[in-house]
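Below is one structure; the comments refer to it alone.
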Amino acid sequence: MIRIFSYLPNPRVWKATITGRYLDVEVQVRGAPPRELGQWLWDFDARPLEQNDRSDPGLERKGRTGFSGSLYKTDQFLKAHPFGNVPAAFDVTGSVGIFESNSIMRAVARLADDDKGIYGRDPYQASRIDSFLDASLVFARDTQRYLLCLGSDRLTREIHTQGRDAFKNYLDGIERSLTAGDPFIVGKELTLADVCFVAEVSLFSRERAWQRTIEAIECEPIDWSGFELAMAHYDDLCRRPAFEGDLAPFLEKLAVDIKKHAG
């Protein structure tokens, strides 16, 4: 079993939940929408704040990227998670922390009795999977500012261009990996590279619901049409049982939001 605390919904948490469903590993998730996490005690036993928590100066911490104001974190949380971020995963005792979504996903795979080759069948294949996971981290880093600015008045043409270029670079690589004719990103079996790809593309796809914001700064919406293999692979994965529990409600809501905010 592994327990995760995070803001919700969070597509990066799906890396762990999808892997858990596929490999029959229990993944517990606790959390709340981003605006409510300031009203939670960040801990292995995370919960909404009680009055005595607010009066304890030892729990109050300054918010970081993506959060404003004060946050409330226990010393045990910060010992397990020295960077103080979410998603934050724990072992069954709450004493061992695993942070960063790709590492949490790997931990779930390692807990399986049978990993079904999801992390490769040999050291070379595992390392190739790691290469795609590392590329996803670059994509996430290069698009974070763009995604955060979409919901504010801070979006600029330069930030939009950076987000567009990062998206194109990542999808170009995925597209090329699928031209070999194999059904998955790394060979003939589902691997963590596919799971990570779905989660990262889902997170970025929220930008399609901000068309009017993008047009307001005189930029063209990002063109998703040039990645036929990658997007067909995404659609196929989203319909698979291990993925559907997270992706079906997300895609339904995204379709509504895109239509609502279309220019």
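What follows draws every value from the coordinates through simple rules; no lab data is involved. All of these numbers come straight from a predicted model, not from anything done at the bench. In this analysis, Cβ positions are derived from the backbone assuming ideal geometry, glycine residues included, and neighbour counts consider all displayed protein chains.
Taking the Cα centre as origin and putting +1 on Lys and Arg beta-carbons and -1 on Asp and Glu beta-carbons, what dipole magnitude results for the chain, to the nearest 20 debye? Please report the intermediate quantities before stating the final value.
Numbers: 34 positive and 40 negative charges, 108 e Å.
In debye, rounded to 20, the chain gives about 520.
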Taking +1 at the Cβ of each Lys and Arg and -1 at the Cβ of each Asp and Glu, which of ILE18, PHE44, SER95 sits farthest along the dipole of segment 2-111 towards its positive end, judged by Cα position relative to the Cα centre?
ILE18
Quick one: 3J(HN,Hα) in Hz for segment 138-146, Karplus 6.51/-1.76/1.60 with θ = phi - 60°, rounded, Gly and Pro as x.
5, 4, 5, 5, 6, 10, 4, 5, 4
Ellipticity estimate at 222 nm from DSSP helix runs (n ≥ 4, -39,500 (n - 2.57)) divided over the chain, nearest 500:
-16000 deg cm²/dmol
Could you size up the charge dipole of segment 97-186 around its Cα centre, putting +1 on the beta carbon of Lys and Arg and -1 on that of Asp and Glu, and report it in debye to the nearest 20?
240 debye
Apply the Karplus curve 6.51 cos²θ - 1.76 cosθ + 1.60, θ = phi - 60°, to the phi angles in segment 219-235 and return the couplings in whole Hz, x for Gly and Pro.
10, 7, x, 4, 8, 8, 7, x, 10, 4, 5, 4, 6, 5, 5, 4, 4
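Give the order of VAL195, VAL256, VAL25 when sorted by the count of other beta carbons within 10 angstrom, beginning with the fewest. Present the calculation step by step, with values, prior to reporting the outcome.
Working: VAL195 27, VAL256 11, VAL25 20.
Going from sparsest to densest Cβ surroundings: VAL256, VAL25, VAL195.
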Per GNM of the chain with C-alpha springs under 10 angstrom, the most fluctuating residue out of TYR124, TYR234, TYR72 is TYR124
By a straight-distance test (C-alpha under 20 Å), which lysines pair with LYS253 as possible cross-link partners, with residues fewer than eight away in the same chain excluded?
LYS15
If we count other beta carbons within 10 Å of each Cβ, what is the order of MET1, MET231, MET105, fewest first?
MET1, MET231, MET105
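Only counting other Cβ atoms within 10 Å, I'd like ASP182, ASP115 sorted with the fewest neighbours first.
Numbers: ASP182 12, ASP115 19.
By the 10 Å Cβ count, ascending: ASP182, ASP115.
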For percent of Cα pairs over 30 Å apart, which listed value, (i) 27; (ii) 32; (iii) 43, comes from the coordinates shown?
(ii)
Two-decimal Rg/Rh across segment 2-111, once Rg and the Kirkwood Rh are taken from alpha-carbon atoms
0.97
All alpha-carbon distances of segment 123-261, grouped into 5 Å bins from 0, give the whole-percent distribution 2, 9, 19, 21, 21, 15, 8, 4, 1, 0
